[in-house]
Every structure is written in C-alpha cells, then in structure tokens.
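The values are calculated or read from the model by the stated rules, or taken from the named source; none is laboratory data. Quantities reported herein were computed from a predicted structural model and do not represent experimental measurements. Note: accessible area is taken over every heavy atom of the protein model, side chains too, but ligands, DNA and RNA are not part of it. Shrake-Rupley method; radii C 1.70, N 1.55, O 1.52, S 1.80 Å.
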Amino acid sequence: MHNFEGSELAHSYTLFVDEAGDDKVDRLRPEFPDGNSEWLCIGGYLVRADVEPDLEKRRDDLIESVGGKPGGVLHYRNLNERNRLSVVTQLATKKYPARGFVVCSFKRTMLGYENPRAAAATGGDKDCPSSNALERVA
C-alpha cells in the first residue's frame, strides 16, 4: 500500500462525502419513538480540483447571505426553511459549479439481509447490513 502522507496527488475532481442517519436497523421509528431512523443517506458534493481553493469563500458567501458570520459552520439542519431554500437555490447557480449526489437506503428493506462479502470487506461486521450494502455500492 502506498503512503500518501506529504505527497500531492494529481486529481481532477474532489468528492466531499457526508452521511445523515445511522446504520442501525434495530428499533426503527415509528414503532419505537426513541428508536433509529428508517433512513440512511450518504451525500456527496463533487467539485473540480481547480475550484477547491474557492470553497471557503463559497461557504462564507452562503453563510453571510443568511445572516451568519464568515468562517462559521454551514449546516443545513441548523437553517430555518427560508434560509435552506436560499442556500440550495444559490448552490444550484453557475456561480457555484459543482454536482451533488445522494444515495438513500430505506433500512426496512435491509431487515434480515446478509452480505458476507461486504461484511468481510468491512471487518466482518454482520450487524451493519445497511452500511455493508452502501459500501458495496461505493
């Protein structure tokens, strides 16, 4: 395996990935009001490598447009409905060239499912079928 620490790899695109939800399939809502979400979503924001240096300015512009202070954290969950619409509308313009991707898994379809190959690739975690299935997609 190659050690990439301290090396600059040539690349054309960068994909930033985040998840929403959890990978647990036991005690799902609504049967368990304090249970786990029925959904696990993984989202990605794909940009050309040459615009990476502009990403902090993008974030600051968006934060300022909804009354926040530059340098802060921009988290969709913390925005009110009007500001959410404002931010996503701005992100959809040519001013912010990028592509967004989302993979959503409805965890009820995973109940009882096992994929030994995917589990082996993630260290043998059989108790994590939704994560194993999504990692297989990636």
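Here are the numbers for the structure shown:
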read-out: Dimensionless Rg ratio for region 54-120, taking C-alpha atoms and the 2.2 N^0.38 Å reference; value: 1.62
read-out: Set of lysines with alpha-carbon distance to LYS57 below 22 Å, sequence-local pairs under 8 removed; value: LYS69, LYS94, LYS95
read-out: Segment GLU8-ASP50, length gained on full extension (0.36 nm per residue, minus Cα span); value: 13.7 nm
read-out: For region 29-111: accessible area per residue (Å², 1.4 Å); value: 70
read-out: Gyration tensor (alpha-carbon) shape descriptor, region 1-71, a/c threshold 1.5; value: oblate
